[in-house]
1. I'd like to know if segment 25-45 contains one or more residues that are surrounded by fewer than 22 Cβ atoms within 10 Å (Cβ to Cβ), modelled with pLDDT of 95 or more and outside any helix (DSSP H, G or I).
2. Look through 347, 377, 329 and report the one residue that is outside the structural domain of residue 251 (by TED's automatic domain parsing) and at pLDDT 90 or above.
3. Only residues that are surrounded by fewer than 16 Cβ atoms within 10 Å (Cβ to Cβ), over 21 Å from the mean Cα position of the chain (by Cα), outside the structural domain of residue 204 (by TED's automatic domain parsing) and not aliphatic (A, V, I, L, M): list them for segment 115-158, please.
4. What residue, of 119, 42, 90, is under 22 Å from residue 224 (Cβ atoms) and among the β-branched types (Val, Ile, Thr)?
5. Restricting to helices (runs of 4 or more DSSP H) lying wholly in segment 47-121: which have 1 or more residues that are farther than 30 Å from residue 36 by Cα and of a type outside the set (Lys, Arg)?
Amino acid sequence: MKHDGVLMGKVNPQELDEFAKEADAWFAANVNPDPGFMLPLTFMEVGTDQQFDFLRDWQNKVYEAGYLGAAWPSEYGGGGLDQAFQDAATDAMRRHHAPIMLNAIGLNWTGPLLMDIGTEAHCKKHIKGILSAEDIWCQGFSEPDNGSDLGNAQLRAVRDGDEYVLNGSKIWTTQGNYAKYMILLARTNPDAPNKYAGLSFFLAPMKIPGVETRPIRKLTGEYGFTQTFFTDARIPADGLMGKEGEGWQVAMKTLEYERGVHGGQAGGYVLLPLDAFAVIDLARKLQRDGAPVMDDPVMRDALVEFMIEAQSLKLCQARGAFAPLNEERPFGLALSGKLMWTEFARRINEFAITLQGTKGGYYVGDPNAVDHGLWTRGYLNAFSATIGGGTSEIQHNIIAEHVLGLPKR
């Protein structure tokens, strides 16, 4: 049921405790540990209709129970509660190993952005559909010819009365084939004094004439991304966020949500939490030369280093919630968190494959695969997280310039 009656910022500890217990009981009763097919580890791996339909229904079920968007305004379809209630619900999801939330770009980037700088009309039109997963969102930033140079986006948007006409393409569009809307960065003025000034930001419908998506097969064999083509596609002008030429500023605000610099996300998680300590259990059960891999002093030493790093990352994440502990560099942990966690996930999955020896070559679906190929699958998929939201190289530059104050080179 929906929970209401707690004013933002005024948390009754007894009500919060009751809510947390209800959430724990609900997830205990409703999480299906084995739906009969492989569930995605992240929102970037949703490649089949079966996975999509299951996760869409799951997100809607969580929302209808009151455990997603609990801290978003009730006038837009949220729960209207304090953030502590949503945090309690998300904690319950983790404890019971619930599936991921499907609508990642809507829940984590578009929704917070709309409530931050969008119009009232935008919020009333889009927020509830984001939470219920009725309206899936994708992101149209990257382009085939521009790599990490987001400011050089060339997809054109030309004003024609109450519409904009779009021509060009975007790539690595996560769930583009399922999306109803796209947050889109397009060039409205090719003659602007600099490349950033010529960009505009749109809330663009996808299910319209002139928009085509083509699936991209990943290294894993899955289809989590598409390339999206726009050919004289017409979108309503009221989907413009801000004014023409302000797209770069809106895109940077969006990336702040994507990188976790600012809160306000709907709750839940869109990537299954990494259990780094599960590698210890793996090392105990694997055998090498007739003895557990854990008995190898070199491997044991490497494991200890990984566990120290995992614990330090968790403590850094916890520290980020306390402003007095971050006064010297207020955004340092937030800006570096994405870089550190994604690279750590890649390295620890790679190490887990190393522990397996020759068995590390088996993949999902092979009966000889260790843990059903979980670690190999995790390693191959980890690369997408080190690219999305800004590559690790870009993140290093951001930290250098905006946290450490180093000059541009």
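The values are calculated or read from the model by the stated rules, or taken from the named source; none is laboratory data. Keep in mind the model is a prediction, meaning the values are calculated, not measured. Positions of Cβ are backbone-derived with ideal geometry, glycine not excepted, and every protein chain shown enters the neighbour counts.
1. Within segment 25-45 (the criterion being surrounded by fewer than 22 Cβ atoms within 10 Å (Cβ to Cβ), modelled with pLDDT of 95 or more and outside any helix (DSSP H, G or I)), the answer is yes, since at least one residue qualifies.
2. Testing whether each residue is outside the structural domain of residue 251 (by TED's automatic domain parsing) and at pLDDT 90 or above leaves just 347.
3. Residues satisfying the conditions are 119, 120, 124.
4. Within the list 119, 42, 90, the selection yields 42.
5. 83-95, 111-117
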